[in-house]
Amino acid sequence: MYDFSSYYDRRRNGSSKWLKMNALNESPKADVIPMTTADMDFPTCPAIIQAIQDYVATEVLGYSNATDSYLQSVQNFFKEMHHYTVEKEWIITTPGIVPALSTSVQAFTDENDGIIVMSPVYTPFYDVIRMQNRRIEECALLLQNNRYEIDFDSLASLAEKPDVKMLMLCSPHNPGGRIWTEAELQKIIDIALTYDLLIVSDEIHADIILDGHTHRVLPTVDKRIEDQSIICTAASKTFNIAGLQCSNIFISNPILRQQFIDANLALGIERANVLGMVATEAAYNDCRDWLEEMKQVIETNQDLVTDFFESLSPKFKVMKQEASFLAWIDYEELAIDDQTFNDFLIHDCDFYINSGEMYGEASRYFFRINVGLPTEKLKENLDRFKIGMEQRFMTALSV
């Protein structure tokens, strides 16, 4: 049994989401855990801590590349957890997936080229495209029965444009929590193959799959896409080690792989953090039981969030999460202005979330909750929200 109940005030170690809470509200209530940035407020798996301590005590902290044992741990994890065979030479370490997304834009597209994203989507998808003078081509997801579906007609129409070179895929989807089915992935692959579209697939949430669901690493659906795709992975979300800056990017195509490496070098990016690799190797080898216990806590917390909002008012629509420790909630039926609502959450409820507009204009009346925190602290946050809503917006809650 591992510890998923301890509380930490993470301001002392410079946690970005905790410091952001203080920036939003100069005097947040004591013992409040913010539910914004997607890292978890659980103690680190002891095997990871031990591995780092052993390394620091016995090794020199100099420039280091991935070792054979590190690469083997990555291979074993993806073979055993995802039934995906990765060759060692395919693995490129980077300081994170967002840098890899940025490098992919730089390496495989030119200025003013179009890049498809399925909106709403994780904010850096937009940033790495806009900030490199590429064009965002939005394939808006269809909201049907409180579930996102892919508009394949729109996707094909965008893909056939001659200057659209890439699809940036979020799989599983953030913030909606969808795991794209095998049939959906096959349709995406077919369109990409038809129009010679490179797929960059961000699969960072692929290990936190909730009960009854299965994630497919993109090339396991159709091997033909293997040489026309970049698969972005990391242990960072899974084992809560994002601060150690280590991701694994799988590129089977040797030409694309060298282009990616060259673009990284041009940007001054060479490798992952050495302690990130130490932590990842320990996580993949020795922390799978921790992962299974953590997923049970996340299941409990997801159910708690769903039950809470359904009982508070049917006007809240909680999207059924299939993966990750994130919850995505639609409050449009409350008919409350989004800026008013977001200010209310911060100043009246000490309830710190990510507002939906971050992920695209169509989701401005949504908010994203990170449920990766001790269950009792989640309950405290939800209780403050309920009290605040009933004091200020009781009429809006009523049907």
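All of the numbers you see were taken from the coordinates with simple rules; none came from a lab. Keep in mind it's a predicted model, so treat the numbers as computed, not measured. Don't worry about glycine lacking a Cβ; one is built from the backbone with ideal geometry, like all the others, and counts go over all protein chains shown.
Points to keep in mind about this one:
- The ranking of V305, V56 by Cβ neighbour count inside 10 Å, starting from the fewest, reads V56, V305.
- Between segment 115-161 and segment 162-240, the Cα center-to-center distance that results, in Å: 14 Å
- Amide proton proximity set for L169, modelled H, under 5 Å, gap of 5+: V200, S201, D202
- Residues in segment 205-222 carry Karplus couplings, in order, of 9, 6, 8, 9, 9, 7, 4, x, 10, 9, 9, 10, 4, 3, x, 6, 7, 7 Hz; the curve used is 6.51 cos²θ - 1.76 cosθ + 1.60 with θ = phi - 60°, and Gly or Pro positions show x.
- Hull shadow area, averaged, segment 172-325 [alpha-carbon convex hull, nm²]: 11.4 nm²
- Legend note: in the chain, cysteines whose Cβ sits 4.7 Å or more from every other cysteine Cβ are C139, C170, C232, C246, C349.
- Residue-averaged 222 nm ellipticity for the chain, from DSSP H runs of 4+ at -39500 (n - 2.57), nearest 500: -13000 deg cm²/dmol
- In the chain, Cα pairs under 8 Å separated by at least six residues give a relative contact order of 23 percent.
- Pairs over the 18 Å Cα-Cα cut-off, from the set K161/K223; K20/K320; K187/K223; K237/K386; K165/K237: K161/K223; K20/K320; K237/K386; K165/K237.
- Placing one equal scatterer on every Cα of segment 14-64 and applying the Debye formula, the log10 ratio I(q)/I(0) at q = 0.19, 0.21, 0.23 Å⁻¹ is -0.77, -0.81, -0.87.
- At q = 0.13, 0.25, 0.26, 0.30 Å⁻¹, base-10 log of I(q)/I(0) for segment 200-253 (Debye sum, equal scatterers on each alpha carbon): -0.36, -1.00, -1.03, -1.16
- Fewest-first ordering of M319, M35 by other beta carbons within 10 Å of each residue's beta carbon gives M319, M35.
- Burial ordering of L291, L61, L244, fewest other beta-carbon atoms within 10 Å first: L61, L291, L244
- Coupling constants for segment 303-314 follow from the phi torsions by the Karplus curve (6.51 cos²θ - 1.76 cosθ + 1.60, θ = phi - 60°), and in residue order they are 5, 4, 5, 4, 5, 4, 6, 5, 7, 5, 6, x Hz; glycine and proline get x.
- Per residue, the convex hull spanned by the alpha carbons of the chain comes to 142 Å³.
- Geometric descriptor of segment 48-286, per residue, is 120 Å³ (volume of the convex hull of the Cα atoms).
- Of interest is the spacing of the C-alpha centroids, which for segment 259-299 and segment 29-55 amounts to 15 Å.
- Structural descriptor for segment 48-286: relative contact order 27 percent, calculated from alpha carbon pairs under 8 angstrom and at least 6 residues apart.
- For segment 322-385, averaging the sequence separation of C-alpha pairs within contact (under 8 Å, six or more residues apart) and dividing by the residue count gives a relative contact order of 41 percent.
- Loop GluC sites (Glu not before Pro), segment 233-336 (other Cβ atoms within 10 Å of the site Cβ: 14 or fewer; DSSP): E270
- The lysines within cross-link reach of K88, meaning a Cα-to-Cα straight distance under 17 Å and a gap of 8 or more places when in the same chain, are K79.
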